[in-house]
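This report refers to the structure that appears directly beneath it.
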Amino acid sequence: MPKMIFVNLPVADLPRSIAFYEAIGTVNNPQFTDDTAACMVLSETIYVMLLTHPKFAQFTPKPIADAHAGSQVLLALSQESRDAVDEMMAKAGEAGGTVDIAPVQEHGFMYGRSFGDLDGHIWEIFWMDPAAAGGEPPGS
């Protein structure tokens, strides 16, 4: 069984956040979705769990950070091409996200942009030329 990652994010408005994440290409898994949480499938091994603040608080004794005011984590997601990076950014902007919250990264062999979701969580979307990085990514 491949390793899987579940990214848990606190959200202020669960229905709006579900709509946002669907707009950028994730698919809701209703089996693990209710009034307090939604499982958004990004790939076979990557899941984004959107949790209401009371639900999120059940998993940590620490206060929930305001992602609009500070950064606790940066989420980086690779894409298959430069065009795919731009397409995801367009979808994020159209769905109400904040696009290009950091300078565009243009390095020839690597291209990246970033957006903030509705709650301010930062996603870095990037493409890297596998040939320039020394071949295929690990595990491929």
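The values are calculated or read from the model by the stated rules, or taken from the named source; none is laboratory data. Since we're looking at a predicted model, the values are computed, not measured. For neighbour counting, all protein chains shown are included, and Cβ atoms are generated from backbone atoms with ideal geometry for every residue, glycine included.
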Kindly indicate which of 35, 86 is out of contact with any strand residue (DSSP E or B) (no Cβ under 6 Å at 6 or more places or on another chain) and within 22 Å of residue 127 (Cβ to Cβ). 86
Let me spell it out: the conditions are (1) in contact (Cβ under 8 Å) with a residue 24 or more places away in the chain; (2) under 23 Å from residue 44 (Cα atoms), and residue 64 meets all of them except one. Which number is the exception? (2)
Looking at 72, 79, can you tell me which residue is under 15 Å from the mean Cα position of the chain (by Cα) and either within 21 Å of residue 13 (Cβ to Cβ) or touching a residue at least 60 places away in the same chain (Cβ under 8 Å) (or both)? 72
From the list 62, 55, pick out the single residue that is among the basic types (Lys, Arg) and surrounded by fewer than 13 Cβ atoms within 10 Å (Cβ to Cβ). 62
Any residue in segment 16-41 that's at positive phi: show its pairings with residues that are surrounded by 18 or more Cβ atoms within 10 Å (Cβ to Cβ) at Cβ separation under 9 Å, as long as the two are six or more apart or on different chains. 25/88
Quick check, is residue 48 among the β-branched types (Val, Ile, Thr), modelled with pLDDT of 95 or more and in the same structural domain as residue 27 (by TED's automatic domain parsing)? yes
Right, residue 86: of a type in the set (Asp, Glu), farther than 17 Å from residue 4 by Cβ and surrounded by 12 or more Cβ atoms within 10 Å (Cβ to Cβ) or not? yes
State whether one or more residues within segment 75-83 are modelled with pLDDT of 95 or more, in a helix (DSSP H, G or I), within 30 Å of residue 130 (Cα to Cα) and in contact with a helix residue (DSSP H, G or I) (Cβ under 8 Å, 6 or more places away or on another chain). no
If you go through segment 12-58, how many residues are over 13 Å from the mean Cα position of the chain (by Cα) and β-branched (Val, Ile, Thr)? 4
Tally the residues that are in contact with a helix residue (DSSP H, G or I) (Cβ under 7 Å, 6 or more places away or on another chain) and part of a loop (DSSP other than H, G, I, E, B), restricting the search to segment 33-58. 1
So which residues in segment 3-29 are assigned to a strand (DSSP E or B) and either within 15 Å of residue 96 (Cα to Cα) or of a type in the set (Ser, Thr, Tyr) (or both), if there are any at all? 11
